[in-house]
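Below: the structure, in structure tokens.
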Amino acid sequence: MNPRVEDVRNWMPIRIYRRETSPLVDWCCMGNERFTDSFFDITVTRLFRDPFNLVFRHQTPIEFLGEVAGEDPGLPPAGFIFHMSRCGSTLAAQMFASLEQNIVLSEPSPVDSVLRANAFNPAVTDEQRSTWLRWLLTAFGRKRTDAEKHYFVKFDSWTTLEMGLILEAFPGVPWVFLYRDPLEVLVSQMNQRGAQMIPGTIGQLLPGFALPDIMQMQPEEYCARVLAAFCETALRHSADPRGLLVNYTQMPGTVTSLICEHFNVSYSGDDVTKMNAAAGFNSKAPQRNFTPDGEAKRDSAGETVKNMADRWAYPVYERLEAARLAK
Amino acid sequence: MSSPDLEQFCSEVLLDPYLQEKLRNIGSTPEFIQRVVEAGASRGFEFSADDVGEAIRAGHRVWLERWI
């Protein structure tokens, strides 16, 4: 039996998983917690320190999300953050999350489950994915305190490939695409590769290539091509008036100025001070201070990394830069 | 869940905010298990501390295997 919508007022969908018929959703009690960690899954893992959340969880068909969205629609998203990875997007999300009036979902894994539902079940249509995404993001945007006024979603980097579907599902929502000198991103990825940079881990990120062909590629080439694919997708949407291209070199100052203006949100002087304080830390390791490291990364790049960045990623990066500067 | 009674109790908890509040934010896992067994028994459910421990482990496992 499904719960009532009021039974999950303080619960969030944390996991969507496949069933033969329709996906199911696990819900977790949030208590007084907010999504303040660098990533959605870290907050959920923290919630699981309370054994209550491991034993007691609502499980519903995905259609229940539709009931929640209908009865308790919450805040509409004020802005979406897309990015190519390792380019300051987590920092931007953490700056917004530093204020209690902001709901910030940073790379929520259920979004990935919805968007890739067709990879596991080809019968899932784009219309279903779009509907499920609308329901899910609506459920995340429910207000749990009077303070909450704005709602932002930062997507996984590979979700950039689904920008078309997402922007169509949310036609009124402004978005930014954060990007960075691809050599710097490539050096960072080669030091510690994200899941999206390991072939086959996150589905098919390079359309037109079979997995055996991809497995033959050097890691540097695969990463450079994937970065280029993210940037190409963002570039295709760059004429969209809802879109804003942001280079890492503009970070973090542009968050409280250009990005806030683009998202049509404004904050008091005190709030901006808090956001800037959040920007002072390394967003993925808050015990360390944030320091720009572009030069160090470029200096440490080996020949293969440089060649692959030159060949696959710089051409689209330069077109992104041209589009940004022309706007 | 291995115990039908524990499963039934969980369904009751999920519909009872008062009971949820009583069982949330309990400092230690052993104490949580004890309180769940007691709360279940007071409502006529029979399940053991081992059943609750297994449910906790299963909850962990489900989360850790979320990408599989």
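The values are calculated or read from the model by the stated rules, or taken from the named source; none is laboratory data. As the structure is a prediction and not an experimental result, all values here were calculated from the model. Positions of Cβ are backbone-derived with ideal geometry, glycine not excepted, and every protein chain shown enters the neighbour counts. Remember, those area values only see protein heavy atoms, side chains included, never the ligands or the DNA or RNA. Shrake-Rupley method; radii C 1.70, N 1.55, O 1.52, S 1.80 Å.
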Selection status of B:Arg24, open to solvent by 20 Å² or more (accessible area, probe 1.4 Å), at pLDDT 95 or above, at the interface with another protein chain (Cβ under 8 Å from one of its Cβ atoms) and closer than 24 Å to A:Glu6 by Cβ | yes
Odd one out for A:Ser266 among (1) open to solvent by 40 Å² or more (accessible area, probe 1.4 Å); (2) at pLDDT below 95; (3) not in a helix (DSSP H, G or I) | (2)
Identify, by number, the condition in (1) surrounded by fewer than 17 Cβ atoms within 10 Å (Cβ to Cβ); (2) modelled with pLDDT of 95 or more that A:Ala119 doesn't meet.
-> (2)
Go through segment A:26-125 and tell me which strands (runs of 3 or more DSSP E), entirely inside it, have 2 or more residues that are touching a helix residue (DSSP H, G or I) at 6+ places or on another chain (Cβ under 8 Å) and either more than 10 Å from chain B (Cβ to nearest Cβ) or under 15 Å from A:Val153 (Cβ atoms) (or both).
-> A:79-83, A:102-106
Out of A:Leu161, A:Leu165, A:Leu178, report the one residue that is open to solvent by 10 Å² or more (accessible area, probe 1.4 Å) and either small (Gly, Ala, Ser) or over 24 Å from A:Met12 (Cα atoms) (or both).
-> A:Leu161
Subset of segment A:1-29 (residues that are open to solvent by less than 10 Å² (accessible area, probe 1.4 Å) and among the acidic types (Asp, Glu)) | A:Asp26
Filter pass, B:Ser2 being over 28 Å from A:Glu6 (Cα atoms), surrounded by 14 or more Cβ atoms within 10 Å (Cβ to Cβ) and of a type in the set (Gly, Ala, Ser) | no
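For every residue, the table says whether it meets (1) in contact (Cβ under 8 Å) with a residue 12 or more places away in the chain; (2) surrounded by fewer than 15 Cβ atoms within 10 Å (Cβ to Cβ); (3) at the interface with chain A (Cβ under 10 Å from one of its Cβ atoms); (4) outside any helix (DSSP H, G or I).
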position: B:Leu6; (1), (2), (3), (4): yes, no, yes, no
position: B:Ser11; (1), (2), (3), (4): no, yes, yes, no
position: B:Ile33; (1), (2), (3), (4): yes, no, yes, no
position: B:Gly40; (1), (2), (3), (4): yes, no, no, no
position: B:Glu46; (1), (2), (3), (4): yes, yes, no, yes
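Every residue, every condition in (1) aliphatic (A, V, I, L, M); (2) modelled with pLDDT under 95, yes or no:
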residue: A:Pro241; (1), (2): no, no
residue: A:Leu244; (1), (2): yes, no
residue: A:Glu261; (1), (2): no, no
residue: A:Asp270; (1), (2): no, no
residue: A:Ala285; (1), (2): yes, yes
Members of segment A:198-216 found to be among the hydrophobic types (A, V, I, L, M, F, W, C) and either without any contact (Cβ under 8 Å) to a residue 40 or more places away in the chain or in contact with a strand residue (DSSP E or B) (Cβ under 6 Å, 6 or more places away or on another chain) (or both), listed by number | A:Ile198, A:Leu206, A:Phe209, A:Ala210, A:Leu211, A:Ile214, A:Met215
B:Arg66 vs. criteria open to solvent by 40 Å² or more (accessible area, probe 1.4 Å), assigned to a helix (DSSP H, G or I) and either among the aromatic types (Phe, Trp, Tyr) or closer than 24 Å to A:Asp7 by Cβ (or both) | no
